[in-house]
Every structure is written in C-alpha cells, then in structure tokens.
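Asks: First the structure, then my questions, so here it is.
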Amino acid sequence: MTGILYGIGVGPGDPEQITLKAVKAIKECDVICLPKADKEKCRAYQIAVCSVPELRYKKIISFDFEMTRDGASLFAMHKEFYQHYKQLIMDGYNLGFLTIGDPTIYSTFGYIMKLAKADGFDVEIVNGITSFCGTAAACGILISERDEHIHIISGQNNNIEYILKLSGTKIIMKSGKNIAAIKELLIDMEAQGKISVCAVIDCGMETEQIFTSAVTIPDNSRYMMTIIVKTIP
C-alpha cells in the first residue's frame, strides 16, 4: 500500500495562526519534507515546530529549492528531489510537505504535487492562512467589499503597470528584485490619489514590519513582503 503526499500550509508566520488540521496532519505524517536544506533556517519549519514540538523528533527530508526562472533547470531540480519523495511514498510512508502560507498560492509544493499525481499517488492539500490575509489583518483593512475585484499578481509580471490600473484590489507577491520599479509606479499613483497602499514584511513574525504608504516601502529586495493596493473610487 502506497503512502499519501500532504501539502501542509503553516500560515504566514505566527505559530498561533497554524490550523488545527495542519497540526493534526503534521503529527500523523511519517516523514516531513522541507523546502530548505537547513531546517533551522526554514521558516515553515520554525513556524510549525512552535505549535507541534514533537516535529523535532520526526524524520525530516530537506533540500534547497533554488529560486530560478529557467524552466528547464527548475523542472530538473524538482524532478531530482521528487525521486527521494517517490520512493518513500512507494514504501508506504505518508509525507507532509510544509509550506509558508497556503500550498495553493505560489508554492514549491505545487511542482512536487504535479509529479506525484502524474505517478498516480494520492495527494491531499491542507490549507493555511495566506500572507495577504495576514497582511490585511495586520494593516487593519478589508481586502474587498461588495462587488470589488481581487487580483493576485506576481511582482515578476512584465505587465504589472497595466494590471495596477485595473479596478479593485491588487495583491502583489514575490516582488524580489523588481520592488524598486514597482514602488516607483505605486508612489506616482498614490500621489495622484488613485490608490492606497499598505505592505507587510515578515507577516506574523517577531521581525514583522508594517508600511502604510508606497513611499515608506524599502527599496531593497525582500522575499517575504506582501503589498496590497486598493483603488480609491
């Protein structure tokens, strides 16, 4: 009998925001998979271990998932790592892949899930609180009201200037090295009274920082930053 692969979202950063279902799944999984070789530097692990102390004594498989936009390199890396997971699943072990936020939003788990499903393995997703929901709560704002649209955008999108002009709420994630250019666009639109901007770095963590205007957002690249842009009617 083969095992099951679980994608487990541990929330944006605050250990108290991990769900009961995620805690249960972590406790019941035979092996825990991490997207970083050093578990002590893995944010998902550090969040989870605060709520599930017994995680320290579980079998851990951890690899460094390189951030690259080269499709061929990315596929080769995921396929190589997946071979380790595949053998354990075939041996009947249940694997829990931990991910910050929710496994369905820009998650490394997604690549592994596709490979596992292609091999006919059972895959289950355990949702977590997303970084943009955590960001909205930290800033004390609503993401949407009534018939407002919501756009979730990768900061790497080449059409971001066009997307920012769309009505409704824009959520910008994974800004990376593009943050300075994005910030410049936001400052201009904010000055014209077209939008309001808030952003959070390290949401829910001790290092959390909240910014309530575009001009205050740091220029340097920060992976763990979410920006919420709301259109002003």
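Asks: Give the lysines reachable from Lys24 as a straight Cα distance under 25 Å; neighbours fewer than 8 places away on the same chain don't count.
Replies: List returned: Lys36, Lys39, Lys41, Lys58, Lys59, Lys86, Lys114, Lys117.
Asks: Taking a quarter of the surface of the convex hull around the Cα atoms of the chain, what do you get in nm²?
Replies: Projected area, direction-averaged: 13.3 nm².
Asks: Still on this structure: Counting only other residues whose beta carbon sits under 13 Å from that of Lys27, what net charge do I get with K and R as +1, D and E as -1?
Replies: Its environment carries a net charge of +1.
Asks: Out of all DSSP beta bridges with both ends in the chain, state the antiparallel percent to the nearest 5.
Replies: Of all bridge pairs located within the chain, approximately 40 percent are antiparallel.
Asks: Also, I was wondering about something else. Determine the gain in length on full extension of the stretch Leu142-Asn158; use 0.36 nm per residue of separation and subtract their C-alpha separation, reporting nm with one decimal.
Replies: Full-extension gain reported as 3.1 nm.
Asks: Can I ask one more? Write down the percent of antiparallel bridges among all DSSP beta bridges whose residues are both part of segment 104-233, to the nearest 5.
Replies: Taking every DSSP beta bridge with both residues in segment 104-233, the antiparallel ones total about 75 percent.
Asks: Counting Lys and Arg as +1 and Asp and Glu as -1, what is the net charge of the other residues whose Cβ lies under 14 Å from the Cβ of Cys198?
Replies: +1
Asks: Now, a different point. Students often check this: by mean Cβ neighbours within 10 Å, which of 42-52, 187-197, 142-152 ranks highest, and how do the rest follow?
Replies: So the order, starting with the most tightly packed, is 42-52, 187-197, 142-152.
Asks: Another question about this same structure. Pulled fully out, how much extra length does the chain show between Asp119 and Lys177, if you take 0.36 nm times their separation in residues and subtract their Cα-Cα distance?
Replies: Gain on stretching Asp119 to Lys177: 17.3 nm.
Asks: Give me the lysines in straight-line cross-link reach of Lys230: C-alpha distance below 28 Å, same-chain residues under 8 apart excluded.
Replies: Lys165, Lys170, Lys174, Lys177, Lys183, Lys194
Computed from the coordinates by the stated procedures, all read-outs in this text should not be read as laboratory data. These numbers come from a predicted model, not from an experiment. Every residue, glycine as well, gets a Cβ built from its backbone with ideal geometry; the counts of neighbours run over all protein chains shown.
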